[in-house]
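Trainee: What follows is a structure written as structure tokens; I'll ask about it next.
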Amino acid sequence: MTDVHEDKTKCPHCGQKMNKWVPPLDANWSMAPQLVCFNDDCPYYVNGWEWMKSQFNQKASYRYRYNPQTGETGPLPVATPHARKGDIVE
Ligand SMILES: [Zn+2]
């Protein structure tokens, strides 16, 4: 039996395998690759649109991000469904 929460390469919100993603130069993160869930049906991402609209009246969302170097997880802000996809390396 596999527990998706123990596999850090899978998104804990939708269970999909996350993509390797390299932060752009303008980001404040190190250039170390991150793992990001780019599933457009991921509840974390889908609910993000609603949340940003209700909290900030902004048309934006965020995707689930995991830093394998530090173990840190957090949101990756996106303004469109295609945002950040150009930085996927795998
Ligand atoms: Zn996900």
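Only the coordinates and a few stated rules stand behind these numbers; no lab work does. Bear in mind the structure is a predicted one, so any value in this text is a computation, not a measurement. FYI the Cβ positions are ideal-geometry reconstructions off the backbone, even for glycines, and counts take in every protein chain you see.
Trainee: For the chain, what does -39500 (n - 2.57) per DSSP helix run (n ≥ 4), summed and divided by total residues, give at 222 nm, in deg cm²/dmol to the nearest 500? Walk me through the numbers before you get to the answer.
Mentor: Details: 1 runs with 14 residues, N = 90.
-5000 deg cm²/dmol, from helical runs alone.
Trainee: When the Karplus curve 6.51 cos²θ - 1.76 cosθ + 1.60 is applied with θ = phi - 60°, which whole-Hz ³J(HN,Hα) does each residue of the stretch 57-71 get, with x for Gly and Pro?
Mentor: Whole-Hz 3J(HN,Hα) from phi for the stretch 57-71: 6, 10, 8, 7, 8, 8, 10, 6, 10, 10, 9, x, 6, 9, x.
Trainee: Which residue, Gln16, Ala60, Thr70, has the largest displacement toward the positive end of the dipole of the stretch 4-87 when charges sit on each Cβ (Lys, Arg +1; Asp, Glu -1)?
Mentor: Ala60
Trainee: I would also like to ask the following. How big is the charge dipole of the stretch 4-87 about its Cα centre, in debye rounded to the nearest 20, if each Lys and Arg gets +1 on its Cβ and each Asp and Glu gets -1 on its Cβ?
Mentor: Numbers: 10 positive and 8 negative charges, 23 e Å.
Using only the charged Cβ atoms, the result is roughly 100 debye.
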